[in-house]
1. Cα-based Rg (one decimal) and Dmax (whole number) for segment 4-178, in Å?
2. Which percent, nearest 5, of DSSP beta bridges in segment 6-76 are antiparallel?
3. Which order do the peptides 199-207, 53-61 come out in when sorted by mean C-beta neighbours inside 10 angstrom, highest first?
4. Which stretch or stretches of segment 134-148 have amide N atoms under 18 Å from the point lying 7 Å from HIS84's Cα along the Cα→Cβ direction?
5. Over segment 76-200, calculate the relative contact order: mean separation of alpha carbon pairs under 8 Å at least 6 apart, over the residue count, as a percent.
6. If you average the sequence gap of Cα pairs under 8 Å that are 6 or more apart and divide by the length of segment 4-178, what percent do you get for the contact order?
7. Order by neighbour count: VAL245, VAL174, fewest other Cβ atoms within 10 Å first, most last.
8. With n ≥ 4 as the cut-off for DSSP H runs, can you work out [θ] at 222 nm for the chain, using -39500 (n - 2.57) per run divided by the number of residues, rounded to the nearest 500?
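What follows draws every value from the coordinates through simple rules; no lab data is involved. None of the values given here were measured: they were computed from a predicted structure. No Cβ is skipped: glycine too gets one built from the backbone with ideal geometry, and neighbour counts run over all protein chains shown.
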Amino acid sequence: MSTISLEKSNGIARVTMNKPPLNVIDIAMMEEMNAALKSLKGDRAVKVIVIAAAGKAFSAGVDIADHTPDKVGMMIEKFHAIFHTLWSLEQPIVAAVQGAALGGGCEVALACDFIVASERAKFAQPEIKVGVFAPIATLVLPRLIARNKAMELLLTGDTIDAREAERLGLVNAVAPEAEFAAKVDAFVARLTSLSGVVLQHAKRAVNLGLAQGLAAIEKSYLNDLMKTEDAVEGLNAFMEKRAPVWKEK
């Protein structure tokens, strides 16, 4: 069964992660998502893209098993391809976050142009707790909120709720669960009422430099971080369901 669905209607393309309940992102899902997004390039019938999810969570993140040294190179290549595609798409992209957006799932939401969240939503980059860091969030978060708060979220792995995310400026709008779908539709309608070509030019100007910045972070992650004992220990401890024993100072 496909883990990604794509529906188009009335100028809106809806890309849905369909691997409930947690929408854990593995390499196969990354490839499907990137293919769906790529298919929207140059589609003049699509004015706005919505990234959503089925189930109780938006996404609990990238499969930890794909972070291990033997797979991490391919995982980074496939996962980051999604973001290169996201930032190359001309249409505005709205993340509809109905539940937990953690790790790589949070990064997918952060890389969109807007986030509309249910009150049930929560956001976190917990990678630091398993001995790694979040490359996309490292690039994007300091562009979205105050640097010291970005550092707190990245270096503690703490979880914040939807209202706190809205207060910080990460989330554009929050709605009670019963009103969430209507809130997403109303937010999207504000965009579809505008000139598509002007929206595209404005987005392109804002996103200049993102792809270049990511290349430097990828190099640090793969060539420096993944060669440390603690990165391997943290990932192994998570998969073995035990507390990590840090070895390096």
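1. Cα only, segment 4-178: 15.1, 45 Å (Rg, Dmax).
2. Working: 4 of 11 bridges.
Rounded to the nearest five, the antiparallel share is 35 percent.
3. Working: 199-207: 13.4, 53-61: 22.9.
Those peptides, ordered most packed to least, come out 53-61, 199-207.
4. So the set is 135-137, 139-140.
5. On the way: 186 pairs, mean separation 33.5, N = 125.
Across segment 76-200, relative contact order equals 27 percent.
6. Values: 361 pairs, mean separation 33.0, N = 175.
About 19 percent, as a whole number.
7. Numbers: VAL245 9, VAL174 23.
Least crowded to most crowded, the residues run VAL245, VAL174.
8. Numbers: 10 runs with 113 residues, N = 249.
It comes out at -14000 deg cm²/dmol, rounded to the nearest 500.
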